[in-house]
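The structure appears right after this line, and notes come after that.
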Amino acid sequence: MAEVILTSNNFEQEVLKSDIPVLVDFWATWCGPCKMLAPTISKIAEEKAGAVKVCKLDVDEVPEIAAKYGISSIPTLKVFVNGEVVKSSVGVQPKAAIEGMLP
């Protein structure tokens, strides 16, 4: 399953109302570290399909949601369970560390 691209229109449905855990990658097109992390995020999306939903939110496209969650550095990863943030990390992380964040 590919990553879900988040917008202000689908964030609530895809993340807050999801019945499975959601990993959200807060990123931007101009961010070098975000581009470094992207293949790892895609791989996790494939491997965890059905168990974890993986989403990407471009902070330049949806700044109001990025601001709501206090995103000041990217890439930032947040894990949501039942609509609540349960784990987060900032910066490029190894795949094992990201998987360790997941329930």
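Values as computed for the structure displayed
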read-out	value
Residue in the stretch 18-39 that is in contact with a Gly (Cβ under 9 Å, 6 or more places away or on another chain) and either charged (D, E, K, R) or touching a residue at least 60 places away in the same chain (Cβ under 8 Å) (or both) present	yes
Candidates Ser88, Ser73 - the one that is without any contact (Cβ under 8 Å) to a residue 24 or more places away in the chain and part of a strand (DSSP E or B)	Ser88
Any hit, the stretch 32-39, residues being in a loop (DSSP other than H, G, I, E, B) and more than 17 Å from Lys95 (Cβ to Cβ)	no
Sole residue being charged (D, E, K, R), under 20 Å from Glu99 (Cα atoms) and assigned to a loop (DSSP other than H, G, I, E, B), chosen from Asp60, Asp19	Asp19
Candidate set: the stretch 76-99, residues that are basic (Lys, Arg) and crowded, with 16+ Cβ neighbours inside 10 Å; chosen: the one nearest to the chain's Cα centre (by Cα)	Lys78
Unmet criterion (only one of (1) modelled with pLDDT under 95; (2) part of a strand (DSSP E or B)) for Pro103	(2)
Selection count where residues are surrounded by 12 or more Cβ atoms within 10 Å (Cβ to Cβ) and either among the charged types (D, E, K, R) or out of contact with any Lys or Arg (no Cβ under 8 Å at 6 or more places or on another chain) (or both), scope the stretch 2-11	5
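The values are calculated or read from the model by the stated rules, or taken from the named source; none is laboratory data. Small disclaimer: the values here were computed from a predicted structure and weren't measured. Cβ atoms come from the backbone with ideal geometry, glycine included; neighbour counts cover every protein chain shown.
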